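The values are calculated or read from the model by the stated rules, or taken from the named source; none is laboratory data. Keep in mind that what you see is a predicted model, and the values were worked out from it rather than measured. Cβ: placed from backbone, ideal geometry, glycine included. Neighbour counts: every protein chain shown.
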Amino acid sequence: MQEPTFLILTALAAGAQHGYGIMNDVARISDGRVRLRAGTLYAALDRLKADGLVTGDKEEIVDGRLRRYYRITDEGTAELAAEVGRLRANAAVAASRLGLAGGTA
Amino acid sequence: MSVAATRDSRMEKWYRWLLALYPRDHRREHAEEMVGVLLAADGDARVRAPKPVAWALRFGQHTADSADLVGGALRIRGRIALNRLRRMHWLSWTVRDERWSDALAVVSVVAPLLLLVAALTEFRIPQAVASSITGHPHWGLTATLGLADLPMAAGAPGVTLLVFLRLRRLAGLGALATATGQVAAGAVPALAGYADPAVAFTVLLSGTAAVALLLSPGPDRGLALLTRSGTALVGAAALILGGFSVGGDVWFGARPTRFDDFGGKVAGLPADLLIAVVLVGAAAACLRASVSRRVLVLLAIPVIPYAFLWQEKLAVDLFGEPGAGSAIIPSSIPLLYLPPLLLASLVLFGTWLARRRAGERDRQVGSATSGPGSPVRA
């Protein structure tokens with residue numbers, strides 16, 4: 001799973017959000033390291049929708065502009081959880097080899 | 001305030017212009033919210049700094065957003081194209097016209113059968129069997145097997161076996177390999193080898209078998225149409241005629257003539273006339289049904305060079321030597337290959353045209369019933 005995809009799913013795991021909200025949330029989660037722009041965001045959302053990990057939620061008009069919310073599906077939650085497990089396992093091995101504190105949480 | 005509004009509307013126009021790169025469906029669904037996100041991101045980027053710096057930063061942001069927008073369009077279009085390619089199932093292309101599809105199915109049974117008989121006849125097997133039965137000393141199996149014989153020797157039985165095992169796509173590819181192998185092997189000694197009608201016959205026959213096996217519902221459907229007894233009849237007739245056409249004097253004791261290669265020892269006139277009567281009668285019987293008419297057209301493709309062989313044999317029958325009579329048309333590469341390929345192209349073009357017309361008709365009917373302003377995707 002690519003990092004932007006992971007971060008988008010993480011942002012949605014907390015609840016439904018609209019596109020701009022996802023962008024800000026991802027920036028916040030990654031400490032400003034990953035800055036999604038509209039093109040990347042919507043290409044990723046398109047793929048996630050096609051894969052069934054994300055689906056459209058409600059729509060509202062704010063300041064005369066359409067704002068569409070997205071939410072994570074059950075499959076998306078399961079995928080995200082699986083990825084977390086994978087990353088955790090990898091991180092634990094790396095930490096133990098480096099002699100860092102950490103181990104399995 | 002108004003300055004910002006003007007800038008916003010200019011930026012909106014620019015972003016909408018870039019959004020034209022996106023697929024229509026995606027635009028319809030997401031264009032509004034994407035513009036909203038882009039403008040909101042731009043609004044957030046207003047930096048409290050000296051004007052030139054702020055302007056440069058915003059310009060950089062704006063450029064990056066535009067480039068990202070283009071990248072997004074490429075990614076989405078790329079994924080759509082890849083999905084379409086993946087769903088294409090290259091080896092599952094079929095002819096959508098039902099009668100042509102049925103005709104191809106029948107040919108997918110008959111052509112490999114004829115190919116096998118052609119190979120057997122080429123290596124004198126039926127003739128040798130006939131000789132041993134009648135005690136006629138003339139025929140033995142072909143002793144020498146050249147490189148040019150290898151494609152037929154391996155391909156014909158191989159294709160028949162694969163058809164029997166119901167691996168029709170592998171059989172089709174095998175037939176294609178047989179045709180290509182013959183063409184390649186023929187090029188090794190000399191280009192003049194292609195002018196041999198026998199080679200043209202087997203090359204076109206394997207090509208027709210390949211197309212029929214790959215594009216039709218397959219030998220299962222062909223057998224259902226032809227019935228097992230029909231197929232057996234075709235096979236037996238081909239075997240006997242093949243044996244006759246090169247070893248006729250075994251049965252009829254006609255005057256012996258000189259040897260060729262695949263043409264072999266040319267039969268006497270009575271045998272040739274009998275064969276002609278049988279073939280013409282079978283063809284006439286085929287004219288009754290629309291599917292069998294199409295089978296005739298398809299089988300005509302490899303049989304056209306066979307007609308050249310026939311007229312050579314008739315010339316020998318009548319004049320004793322091929323080319324002795326000036327009435328004979330000499331076989332040459334263009335004459336052998338162009339008419340069959342032209343026929344094949346006409347069939348392909350005709351079915352494509354029919355499919356297009358049917359598609360347009362469906363579209364018209366669909367748009368008439370579903371009301372104006374609703375495009376029907378055919």
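When A:L53 is tested against the conditions (1) crowded, with 16+ Cβ neighbours inside 10 Å; (2) among the hydrophobic types (A, V, I, L, M, F, W, C); (3) within 13 Å of another protein chain (Cβ to nearest Cβ), the lone failure is (3).
Considering the conditions (1) modelled with pLDDT of 90 or more; (2) surrounded by 15 or more Cβ atoms within 10 Å (Cβ to Cβ), A:G15 is excluded by exactly one of them, (2).
Contact annotation: residue pairs with Cβ atoms under 6 Å, 6 or more positions apart or on different chains, pairing a residue in the range B:18-40 that is within 18 Å of A:E59 (Cα to Cα) with a partner that is among the hydroxyl-bearing types (S, T, Y) and assigned to a helix (DSSP H, G or I), are B:H30/A:Y42; B:M34/A:Y42; B:V35/B:Y15; B:V37/A:Y20; B:L38/B:Y15; B:A40/A:Y20.
Here A:I72 passes the criteria (1) in contact with a strand residue (DSSP E or B) (Cβ under 7 Å, 6 or more places away or on another chain); (2) surrounded by fewer than 19 Cβ atoms within 10 Å (Cβ to Cβ) except the one numbered (2). The one condition from (1) surrounded by 21 or more Cβ atoms within 10 Å (Cβ to Cβ); (2) at pLDDT 85 or above that B:G218 does not meet is (2). Scanning the range B:331-354 finds one or more residues that are outside any helix (DSSP H, G or I), at pLDDT below 70 and not acidic (D, E). The set of residues in the range B:3-37 that are hydrophobic (A, V, I, L, M, F, W, C), within 17 Å of A:R37 (Cα to Cα) and part of a loop (DSSP other than H, G, I, E, B) contains only B:L21. Of the residues contained in the range B:241-258, none is found to be surrounded by fewer than 14 Cβ atoms within 10 Å (Cβ to Cβ), of a type outside the set (D, E) and either at pLDDT 85 or above or in a helix (DSSP H, G or I) (or both).
To keep it simple, each residue is scored yes or no on (1) within 13 Å of chain B (Cβ to nearest Cβ); (2) free of Cβ contacts under 8 Å to residues at least 60 places away in the same chain; (3) assigned to a helix (DSSP H, G or I).
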{"residue": "A:L48", "(1), (2), (3)": "yes, yes, yes"}
{"residue": "A:R68", "(1), (2), (3)": "yes, yes, no"}
{"residue": "A:G76", "(1), (2), (3)": "no, no, yes"}
{"residue": "A:E83", "(1), (2), (3)": "no, no, yes"}
{"residue": "A:A89", "(1), (2), (3)": "no, yes, yes"}
{"residue": "A:L100", "(1), (2), (3)": "no, yes, no"}
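Pick from the range A:31-40 the residues that are in contact (Cβ under 8 Å) with a residue 24 or more places away in the chain and surrounded by fewer than 22 Cβ atoms within 10 Å (Cβ to Cβ): which of them is farthest from the other protein chains (Cβ to nearest Cβ)? Give the derivation first.
Taking the range A:31-40 as the starting set, the residues that turn out to be in contact (Cβ under 8 Å) with a residue 24 or more places away in the chain are A:34, A:36, A:40.
Those still in the list that are surrounded by fewer than 22 Cβ atoms within 10 Å (Cβ to Cβ) too: A:34, A:40.
Details: A:V34: 13, A:T40: 6 Å.
Per the criteria, the residue is A:V34.
Remark: pairs (first residue in the range B:77-93, farther than 28 Å from B:A210 by Cα; second residue modelled with pLDDT of 85 or more and of a type in the set (K, R); Cβ separation under 8 Å; 6+ apart in sequence or on different chains) = B:R79/A:R47. A single entry from B:L57, B:L38 fulfils the requirement of being at the interface with chain A (Cβ under 10 Å from one of its Cβ atoms) and either of a type outside the set (D, E, K, R) or exposed (fewer than 14 other Cβ atoms within 10 Å of the Cβ) (or both): B:L38. Beta carbons closer than 8 Å, at least 6 apart along the sequence or on distinct chains, pair a first residue in the range B:48-63 that is under 17 Å from A:G39 (Cα atoms) with a second that is surrounded by 10 or more Cβ atoms within 10 Å (Cβ to Cβ) for B:Q61/B:A41; B:Q61/B:D42; B:Q61/B:A45; B:H62/B:M11; B:H62/B:D42.
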